[in-house]
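Below: one structure, written as structure tokens.
The values are calculated or read from the model by the stated rules, or taken from the named source; none is laboratory data. Keep in mind the model is a prediction, meaning the values are calculated, not measured. Cβ atoms come from the backbone with ideal geometry, glycine included; neighbour counts cover every protein chain shown. Only protein heavy atoms, including side chains, enter the accessible area calculation; ligands, DNA and RNA are left aside. Shrake-Rupley method; radii C 1.70, N 1.55, O 1.52, S 1.80 Å.
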Amino acid sequence: MNTQQFFANSIAALKSQGRYRVFADLERQCGNFPVARNYRDGAVHEVVVWCSNDYLGMGQHPDVCAAAKGAVELCGAGAGGTRNISGTNHYHVLLEQELASWNGKEAALLFTSGYVANQTALSTLGATIPGCVIFSDELNHNSMIEGIRHSKAEKHVFRHNDPDHLEQLLSAYPKETPKLVAFESVYSMDGDIAPIAKICDVAEAHNAMTYLDEVHAAGMYGAEGSGVAERDGVRDRITIIQGTLAKAIGVVGGYMAASASLVDYVRSFGPGFIFSSSMPPMVAAAALASIRVLRNQPDIRARHQERAATAKRRLAEMGIPVLPSESHIVPVMVGNAAQCKQASDLLLTKHNIYVQPINYPTVPVGTERLRITPTPLHTDDMMDHLVKSMVAVWDELELHKEHPAKVAAAE
């Protein structure tokens, strides 16, 4: 087999399908978020970023930057090892204590990313709890799917946000069978939110543990911002809360929060934690500062929700096919991979707006979209420019101004 030709052919196929991923070369400007420098075509262009996962702009908050700078001056750039071998810095300890308090749990555990947190926690629990059966929402993130798959535990997939289907699946097992129900709070592609209380009702009736991914909610929902479970008053009913430090918190890393014994169990038996070098102290210090700000400044979250609601309303008023979304996510349906990339390219090159196309395998074929994430720092002028530019691109490409599924049904 000519492996080099195989690689080249595979990439060529991706390009022909419009699914080849091109990275935008960006340089964030501290203090000027969401504006960034875009290096392309041998020149530098100033663009407005409308698809950042730094949902609240905390990655450039003065307190967060000062904490990172102070920690690097005090401790240096790296942690020096795994958590067990010289890599537990005092900032890690403080951050885990803060995360536990923030999520209303006894303990918390840091990971190098949210992906690693999901993969490690789910694979460890599924592989080591004798006879454990895992029930997973069909739209769960790849990190959860990989963790469950790697655990080799028996698994069942329930229909998205469907407690009744979950009930049917759980009913096939005795109460004494160890069971774990894994789902997310905010699903980042459609922007819908899980009926957490109803899922907990079903899980508790069958003596099942619950594992809630709050990655796209941590920092943004609830009185102190820990997530949708806090907002809905159900944190005490969730066995394990998992989240990320790379989105609304503004840095990088992941965590889980649970009972002291459960956290200690994953700490002691989870390979993804045991064998990974720990995050740099400056990252832990920055995350700690960010969480402390967010716990005490709900106005940031209020402004964020207003910006998201305004973007949805204004785009919809101009006929741009915004999918219904309960959350801060603003999904704009295109329904074709090549056209989705064309729209993204035109927004960047003609209008200096950066919105990355979302194509398969992130979303199913035929549901390709632009995923807009307004932040509290997007101004009214930026919003005006976004709406006018989106309309111009839709007209230039002659894209449907309705959901593609409705158009197909009408035809």
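Scanning region 177-208 for residues that are hydrophobic (A, V, I, L, M, F, W, C), open to solvent by 10 Å² or more (accessible area, probe 1.4 Å) and farther than 14 Å from A229 by Cβ yields a total of 4. Filtering region 99-117 to residues that are open to solvent by less than 30 Å² (accessible area, probe 1.4 Å) and in a helix (DSSP H, G or I) leaves L99, A100, W102, G114, A117.
Say we look at region 139-161 and pick out the residues that are crowded, with 17+ Cβ neighbours inside 10 Å and under 18 Å from H216 (Cα atoms); which of these is farthest from the chain's Cα centre (by Cα)? By that ranking, first place goes to N161.
Taking region 388-411 as the range and being crowded, with 18+ Cβ neighbours inside 10 Å and at pLDDT 95 or above as the test, the residues that pass are S389, M390, V393, W394.
Here is a list: R314, R292, R303, R371. Which entry is charged (D, E, K, R) and open to solvent by less than 60 Å² (accessible area, probe 1.4 Å)? Step through it out loud before you land on a result.
Working: R314 fails: open to solvent by less than 60 Å² (accessible area, probe 1.4 Å); R292 fails: open to solvent by less than 60 Å² (accessible area, probe 1.4 Å); R303 fails: open to solvent by less than 60 Å² (accessible area, probe 1.4 Å).
Within the list R314, R292, R303, R371, the selection yields R371.
All of (1) among the small types (G, A, S); (2) crowded, with 17+ Cβ neighbours inside 10 Å; (3) over 18 Å from I249 (Cα atoms); (4) touching a helix residue (DSSP H, G or I) at 6+ places or on another chain (Cβ under 9 Å) hold for G319 with one exception: (2). So, in region 334-362, of the ones that are among the β-branched types (V, I, T) and surrounded by fewer than 19 Cβ atoms within 10 Å (Cβ to Cβ), which residue ends up farthest from P34 (Cα to Cα)? Checked region 334-362; the qualifying residue farthest from P34 (Cα to Cα) is T362. Just one of (1) under 30 Å from Y173 (Cα atoms); (2) open to solvent by 10 Å² or more (accessible area, probe 1.4 Å); (3) assigned to a helix (DSSP H, G or I) fails for M282. It is (1).
What number of residues in region 181-230 are among the aliphatic types (A, V, I, L, M) and at pLDDT below 95? I'd like the intermediate steps shown before the answer.
The initial filter retains those residues of region 181-230 that are among the aliphatic types (A, V, I, L, M), namely 181-182, 186, 189, 193-194, 196-197, 199, 202-203, 205, 208-209, 212, 215, 217-218, 220, 223, 228-229.
After this cut, where a residue has to be at pLDDT below 95 as well, the list is 189.
Summing the residues that are among the aliphatic types (A, V, I, L, M) and at pLDDT below 95 in region 181-230 gives 1.
Could you tell me whether any residue of region 317-331 is within 29 Å of H385 (Cα to Cα) and assigned to a helix (DSSP H, G or I)? There is at least one residue in region 317-331 that is within 29 Å of H385 (Cα to Cα) and assigned to a helix (DSSP H, G or I). In region 325-333, the count of residues that are over 18 Å from the mean Cα position of the chain (by Cα), closer than 20 Å to H400 by Cα and open to solvent by less than 20 Å² (accessible area, probe 1.4 Å) is one or more.
Filter region 187-241 for residues that are more than 15 Å from I329 (Cα to Cα) and assigned to a strand (DSSP E or B) and give the result.
The first filter runs over region 187-241 and keeps only residues more than 15 Å from I329 (Cα to Cα), leaving 195-213, 222-226, 229-241.
Correct list: M209, T210, Y211, L212, D213, I240, I241.
When residues in region 118-131 are screened for being open to solvent by 10 Å² or more (accessible area, probe 1.4 Å) and not β-branched (V, I, T), 5 of them pass.
When region 53-107 is examined, which residues are found to be among the hydroxyl-bearing types (S, T, Y) and in contact with a Ser or Thr (Cβ under 8 Å, 6 or more places away or on another chain)?
So the first thing to find is which residues in region 53-107 are among the hydroxyl-bearing types (S, T, Y), and the list is 55, 82, 86, 88, 91, 101.
Matches in region 53-107: Y55, T82, T88.
Scanning region 235-288 for residues that are touching a His at 6+ places or on another chain (Cβ under 8 Å) and over 13 Å from E214 (Cβ atoms) yields a total of 5.
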